[in-house]
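Below is one structure, written out as C-alpha cells, with a few remarks after it.
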Amino acid sequence: GAGVSQTPSNKVTEKGKYVELRCDPISGHTALYWYRQSLGQGPEFLIYFQGTGAADDSGLPNDRFFAVRPEGSVSTLKIQRTERGDSAVYLCASSTGTSGSHNEQFFGPGTRLTVL
Amino acid sequence: LAKTTQPISMDSYEGQEVNITCSHNNIATNDYITWYQQFPSQGPRFIIQGYKTKVTNEVASLFIPADRKSSTLSLPRVSLSDTAVYYCLVGDSGSARQLTFGSGTQLTVLP
C-alpha cells in the first residue's frame, strides 16, 4: 500500500517568509509525528497527534512553529517568519496509535527546507 | 528521558556479521528498545523492537541482557546496501516526547 507522503519534497524560501509543509499519513493510522533533522544529526521530535488533537507539542522550538491535523488524517506544519536556522529536513511519520506502537513509526521521505 | 549512547561509526566487510551496541543505563520499566535504519535522503525505517532477552526477524536480531541497560543489534552477513545510519531508541507508549533518536551509528560496509 501507499506509504507516508510529504509535499513539497524541496522548499526554498527567503528569511521572514511563511511556509507550509504537508504530510499524508498511511490510511488508517491515527498517530502522526513531525520531526526536524539537521545535517549529521538524528531526527528531533517536534509534535505528535493522536487523531485530530495535538497530544504532545512540547518539541516545537518556539511559537513560530504550528501544526494542524483538522480531520485526523492530513497534517500541515506551518512555520512563520522563517529564519536561516530553520533550514533542515522536516520528516513526518505515522503509526497505528495502538498501545506500544509509539516506536513503530513509518516515515515519509521528508521535505528539505532551505531558508535563504 | 532514557539517554542512549552508540558508537559514532563502524566499518565492516561484506558477508560479515555486524553488532552495534547501544547503552541506556537509565532505561525505565515501561521502556521498549527500538532500532531504526536511515539511508541518505530517506526517512528512518523501523528494523526491530524488543523489551527483554532476544528478538529476531527476517533482517536482524536484538539482544537485550537481563538488566536491560544495553542492547545489541546484530546484522547477519551484511552487504553494501546495509551501509546506513542506525539509531537506537528507548521509550514507552505513554509519551511520544521520549522518542529521542540521538546521532546514531554510521555503518559503512566495504567490499
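For the range A:8-21, putting each phi into the Karplus relation 6.51 cos²θ - 1.76 cosθ + 1.60 with θ = phi - 60° gives couplings of x, 6, 9, 9, 10, 9, 9, 3, x, 7, 9, 10, 10, 10 Hz, in residue order, rounded to whole numbers and with x for Gly and Pro.
Since only B:ILE27, B:GLN38, B:VAL85 are under comparison, the one whose Cα sits farthest along the positive direction of the charge dipole of chain B, derived from C-beta charges on Lys, Arg, Asp and Glu, is B:ILE27. Please state the shape class of the range B:21-99: rounded when a/c is under 1.5, otherwise prolate if a/b exceeds b/c and oblate if not, all from the C-alpha gyration tensor. Since a/c reaches 1.5 but b/c is at least a/b, the shape of the range B:21-99 is classed as oblate.
Only Cα pairs under 8 Å and 6+ residues apart enter the sum, and on that basis the relative contact order of chain B stands at 36 percent. Note on B:LYS54: aspartates and glutamates with a C-alpha under 20 Å away, same-chain residues under 8 apart excluded, are A:GLU104, B:GLU17, B:ASP31, B:ASP67, B:ASP92.
Only lysines eight or more places from A:LYS78 in sequence, or on another chain, were considered; those with a Cα closer than 18 Å are A:LYS11, A:LYS15, A:LYS17. Short-range pairs are left out: with C-alpha atoms under 8 Å and at least six residues apart, the relative contact order of chain A is 36 percent. Relative to the Cα centre, the charge distribution of chain B, modelled as +1 at Lys and Arg Cβ and -1 at Asp and Glu Cβ, gives a dipole magnitude of about 320 debye. Using a Förster distance of 41 Å, how high is the FRET efficiency between A:LEU39 and A:GLU71, based on the Cβ-Cβ distance and rounded to 0.05? It comes to 0.75.
The amide H of B:MET10, built 1.01 Å from its N in the peptide plane, has B:GLN106, B:LEU107, B:THR108 as neighbours under 5 Å, considering only residues 5 or more places off or on other chains. Which one, A:GLY16, B:THR56, B:ALA66, is farthest towards the positive end of the dipole of the protein assembly as shown when Lys and Arg carry +1 and Asp and Glu -1 on their Cβ? The Cα lying farthest towards the positive end belongs to A:GLY16. Each residue of the range A:104-112 was assigned a 3J(HN,Hα) from its phi angle through the Karplus expression (A = 6.51, B = -1.76, C = 1.60, θ = phi - 60°), giving 9, 9, 10, 9, x, x, x, 10, 8 Hz with x at Gly and Pro.
Each label point was placed 7 Å from the Cα along the Cα-to-Cβ direction; for B:ILE8 and B:ARG45 their separation is 2.7 nm. Spread over its residues, the convex hull of the C-alpha atoms of the protein assembly as shown is 121 Å³ per residue.
With the cut-off at 1.5 for a/c, could you classify chain A from its C-alpha gyration tensor as rounded, prolate or oblate? Taking the square roots of the gyration eigenvalues as a ≥ b ≥ c, chain A is prolate. If R0 is taken as 45 Å, the Cβ-Cβ distance between B:SER79 and A:ARG22 corresponds to a FRET efficiency of 0.80.
Where a number appears in this text, it was derived from the coordinates with a stated rule and is not lab data. Bear in mind that the values here come from a model prediction, so they are computed numbers and not experimental data. Backbone-built Cβ (ideal geometry, glycine too); neighbour counts: all protein chains shown.
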